[in-house]
Amino acid sequence: MLASYTGVVKDAIEEMEQAQTESQDPFSDVLDDEELNSRGNQDTYWSESDRQLLAPCQGLMKASAACLRKLSAAVRSNGKVDSPESIAQLDDLADIAKDISPSVDDLALSLYPPVDYSTVELNACKLATVLKKVLEITRASHVCLEADQSWVEFLGGAVEHNLQKAKALTQGPS
């Protein structure tokens, strides 16, 4: 089940990367944004500030994919169904992990032009909250061995770093 979520998240990341390479302002070589405050076609391409915002948001999406990948491996290697407590922990992990993919989709959709910075911030915060909860539940579960603590910590740091960058960028431009 976790593997199917990983595929959906990877698709969203690839789609966003492809959109970035294809989405160019058709007049970027002719007109300068500073010279013309309101361009008629501005809602069809990313401004420079929009493009800066994409990086930390993609970082959150990539952290989502890594989280699902690592969690899947930990469940495969260490998951036990020999006690009601272990089964309950696996159920809790499955319940929260299913929220990752829709949260990634919401963030990805909010990044398409025209970009509404408050919606992007809301969706970035929502995804970060889901990821932090997944990592918290993972850390406390039987699937997270001593050796797994490092990736849990690393991903937690990556989520926080990208969230703070995204929040800072959403505060500025709009």
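A short reminder: the numbers here are calculations on the coordinates, not readings from a lab. Quantities reported herein were computed from a predicted structural model and do not represent experimental measurements. Counting neighbours? That spans all protein chains shown, and the Cβs are built from the backbone with ideal geometry, glycine included.
If you rank Ser103, Ser110, Ser150, Ser49 by fewest surrounding Cβ atoms within 10 Å, what's the result?
Placing the least packed residue first, the sequence is Ser150, Ser49, Ser110, Ser103.
What FRET efficiency comes out for the pair His142/Glu14, r = Cβ-Cβ distance, R0 = 30 Å, nearest 0.05?
Working: r = 33 Å, r/R0 = 1.11.
The formula returns an efficiency of 0.35 here.
Of Lys62/Lys132; Lys70/Lys167; Lys132/Lys167; Lys98/Lys126; Lys62/Lys133, which sit over 23 Å apart, Cα to Cα? Don't skip to the answer; put the middle values down first.
Details: Lys62/Lys132 14 Å; Lys70/Lys167 26 Å; Lys132/Lys167 16 Å; Lys98/Lys126 14 Å; Lys62/Lys133 17 Å.
Beyond 23 Å between Cα atoms: Lys70/Lys167.
Length gain on complete extension for the stretch Arg76 to Asp92, per 0.36 nm per residue less the alpha carbon to alpha carbon distance? Before the final figure, lay out each step's value.
Numbers: separation 16, 0.36 × 16 = 5.76 nm, distance 1.56 nm.
Here the segment from Arg76 to Asp92 would lengthen by 4.2 nm.
Given the options Val115, Leu54, Ser77, identify the residue whose Cα lies farthest towards the positive end of the charge dipole of region 39-117 (+1 on Cβ of Lys, Arg; -1 on Cβ of Asp, Glu).
The residue sitting farthest along the positive end of the dipole is Ser77.
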